[in-house]
Amino acid sequence: MVTIDHDAVLRARVLLLGSGRPGQAELTDAYRVLAEVSPKAYLPKLVGALLMLYYRSRDPEAAVALTAEAARAARRVEAGIPDRADLLCRALDAHQASLFALGRRAEAHAVCEELAEAGLSERLASALAEEGRFREAAELDEKSARNGIPEHSFWNRVRWAANLEGAGMHDAASAVFGELLEETRRKVAGEHTSLAILTWELVHFSRMREAAGDGAGASAARREALSVLEELAATGEPKNWSCILDWWKTLFILSGRAAEPAASPESPMPPFGRAHRWSREARNNFDGMLPGLEAEAAALHEADRLPELVDLRRRIVVRAVVRDGDRPYRFEERFTPYFDEGVALARRLPDDPARLARALMDRSMFLVAARSFVPAHADFAEAAALLQDR
């Protein structure tokens, strides 16, 4: 039985009714008190106030305590209260993020499972993918797709296909991504999406089919991409689109997954099917490799070991794109040196057309993102010739 401190209740009411503006901590304390006597009215306010303190916090331990309290308060909100589900998901989402930030993965997993039960399985799927549990993640993605998530959403389909591919289910992955590709073709025909996005999807699909051992399918996708690039080089986009760099960024980062160490619960890696909302632990592991990669690249350059250097520099470029790939300001100026270097290094390998073709396609897709369509077409045409696409 809760003992009510009536003096504290009176002080809390006076604070809220006063003419001054209480600080966030004072406001939260007042809601804590009033939530005990009027839970229907004040528990939702308490959840919001605790989350506001969490967003402002710079102390990881304090963040866990605040989000844990917010989750407890959200669970106590009555089922009939408007926005209860949204409040609970917001509180649980913040709590799992704060736990992952401290490396408390087992506890974070439990919160993600509760989120999934509340109808938001994306966080659990990402957590599983970070640990290399791709089949389980893909099963959650499929369940979400069947439960009303937009059928052809780029973000949901890319993530689902990435998890299927990570599980070694290449044909199933291609089927999921192929449905997205078909929808994008229809949207392009109606001028509801950009030719650039179609190009990036086609190139990614060609990589998927190549990984599956389907050389003919990969070649067909590249030929279609080249045709789209010819149109872009000749006439540009039929319409002006807002910033679409996230589409390029997501697929380019995903293309680098095979070169990275395998994910595991002990050494989580980013869920490459998405470019945002990685757990802090996985992001720190990924970013933390950069100094070692730079040092290794310098040693390979000194030893003139070009094939390994080309591959390693690409891993470094992926990390640069993770950091800044969706920022339009000085985008072309910032990334051109990376992609030019990749092509220049690969050209020094005359007996390795595959690496040069990959470098040219990487630069071509970057140039599409930079809206430099004529050189993008030239690069891709050279890559297709190297791969003998007919």
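Each reported figure results from applying straightforward, stated rules to the coordinates on display, with no laboratory input. Keep in mind it's a predicted model, so treat the numbers as computed, not measured. We place every Cβ from the backbone using ideal geometry, glycine too, and count neighbours over all the protein chains shown.
Based on the Cβ-Cβ distance of Arg348 and Ser38, what FRET efficiency does E = 1/(1 + (r/R0)^6) give at R0 = 56 Å, to the nearest 0.05? With R0 = 56 Å, the Cβ-Cβ based efficiency is 0.15. Using 0.36 nm per residue and subtracting the Cα-Cα separation, the extra length available between Ala65 and Val374 on full extension is 105.8 nm. Highest mean packing comes first when the peptides 174-181, 236-243, 330-337 are listed by Cβ atoms within 10 Å, giving 174-181, 330-337, 236-243. This model, with +1 at the C-beta of Lys and Arg and -1 at the C-beta of Asp and Glu, gives region 258-390 a dipole about its Cα centre of some 500 debye. 3J(HN,Hα) along region 60-68, derived from phi through the Karplus expression 6.51 cos²θ - 1.76 cosθ + 1.60 where θ = phi - 60°, amounts to x, 5, 5, 4, 4, 5, 5, 6, 5 Hz, with x in place of Gly and Pro. Largest GNM mean-square fluctuation across Ile81, Ile253, Ile244, computed for the chain with C-alpha springs under 10 Å, falls on Ile81. Given R₀ = 22 Å, FRET efficiency for Ser153-Arg186 by Cβ-Cβ distance, to 0.05? Efficiency for this residue pair is about 0.95. From most to least packed by mean Cβ count within 10 Å, the peptides 371-380, 197-206 give 197-206, 371-380.
When the helices of the chain are scored as -39500 (n - 2.57) per DSSP H run of n ≥ 4 and the total is divided over every residue, the value at 222 nm lands at -24000 deg cm²/dmol. Mind checking which aspartates and glutamates have their Cα closer than 15 Å to the Cα of Lys249? Skip sequence neighbours fewer than 8 apart in that chain. The qualifying aspartates and glutamates are Glu201, Asp324, Asp326, Glu332, Asp362.
A Förster radius of 25 Å combined with the Cβ-Cβ distance from Ser57 to Ile81 puts the calculated FRET efficiency at roughly 0.45. Helix 6-17 and the longest principal axis of the Cα set of the chain meet at an angle near 60°.
Along its three principal directions, the equivalent ellipsoid of region 54-111 from the Cα gyration tensor extends over semi-axes of 21, 12, 8 Å, largest first.
Normalised by the number of residues in the chain, the mean separation of alpha-carbon contacts (under 8 Å, six or more apart) gives a relative contact order of 11 percent. For the Cα trace of region 1-119, dividing Rg by the Kirkwood Rh returns an Rg/Rh value of 1.00.
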